[in-house]
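K.L.:
Have a look at this one before I ask anything.
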Amino acid sequence: MQTALPTPHVPTPEPAPIAIGTTIRAFRLQKGMSQGDIEKRTGLLRCYLSRVENGHTVPSLDTLAKIAGALDLPLSQFFSEEIVRDVPGLSLNEDEIRFLTQIQRYSANLSESDRRLLLAMVRKFAATASLSIS
């Protein structure tokens, strides 16, 4: 008599958690807005927005809806797994999108002063590049 071996249970991978703060920061920066701009549009304190963006606080859905409204985005955009590629007035190739995605990933762990320094460096590189093209 043969007995069948039990089939080992293979756990299905859990979906990666959504880093809602990083997502909010990315959309805010993409739209060229400061935390103060969001504060003015929502009434949420800038220090609260900072805590959300840095992952120290998880906002409620009502609060997310306020932030989405301030960014002129549908609430569902915060939960999309797709990379946002459609920016009005801006056309990026695959290499540029990959580069900006890497910058976004690395900058999420930077302090505010380091982020400002990085942005200043990028602006300087962009100004230098535009001078060499013309």
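Where a number appears in this text, it was derived from the coordinates with a stated rule and is not lab data. This is a predicted model, so every value here is computed, not measured. Ideal geometry is used to build each Cβ from the backbone, glycine not excepted, and the neighbour counts take in all protein chains shown.
K.L.:
For a footprinting-style exposure proxy, rank 119, 44 by other Cβ within 10 Å, fewest first.
P.N.:
The fewest-first ordering by Cβ neighbours comes to 119, 44.
K.L.:
Arrange 66, 124, 40 by Cβ neighbour counts within 10 Å, fewest through most, would you? Show your work: numbers first, answer last.
P.N.:
Values: 66 18, 124 10, 40 13.
Result, fewest neighbours first: 124, 40, 66.
K.L.:
Between residue 75 and residue 113, what is 0.36 nm times their sequence separation minus the Cα-Cα distance? Round to one decimal in nm.
P.N.:
10.7 nm
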